[in-house]
Amino acid sequence: MQNSGLSVALAIKHFTAAAALPGAIFSIWHNLSGAFLAGHWAKEPVHDTDKSEMPRISGHIN
């Protein structure tokens with residue numbers, strides 16, 4: 001399930017509380033891993049991919 005909060009709510013409503021445990025764990029995991037990756041990627045330099053400044057390859061037709 002893509003929405004871990006929804007999975008917890010549905011599991012509690014239709015099953016036991018133990019069925020909600022995987023959704024609760026992955027909710028915490030998504031928050032922590034997302035924050036870590038955002039911080040990590042924010043430190044990397046942005047590469048300029050503007051093709052107008054790329055060197056021309058001889059024999060290359062646009």
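The set of residues from the range 10-21 being surrounded by 10 or more Cβ atoms within 10 Å (Cβ to Cβ), in a helix (DSSP H, G or I) and at pLDDT 90 or above comprises L10, A11, I12, A19, A20, L21. Would you be able to say whether some residue in the range 50-62 is open to solvent by less than 90 Å² (accessible area, probe 1.4 Å), in contact with a helix residue (DSSP H, G or I) (Cβ under 8 Å, 6 or more places away or on another chain) and either on the phi > 0 side of the Ramachandran plot or at pLDDT below 85 (or both)? No, because not a single residue in the range 50-62 is open to solvent by less than 90 Å² (accessible area, probe 1.4 Å), in contact with a helix residue (DSSP H, G or I) (Cβ under 8 Å, 6 or more places away or on another chain) and either on the phi > 0 side of the Ramachandran plot or at pLDDT below 85 (or both).
The values are calculated or read from the model by the stated rules, or taken from the named source; none is laboratory data. Note that this is a predicted model, so its numbers are computed, not measured. With ideal geometry, Cβ positions are generated from the backbone for all residues, glycine too; neighbour counts draw on all protein chains shown. Just so you know, the surface numbers come from the protein's heavy atoms only, side chains and all, with ligands and any DNA or RNA stripped out. Shrake-Rupley method; radii C 1.70, N 1.55, O 1.52, S 1.80 Å.
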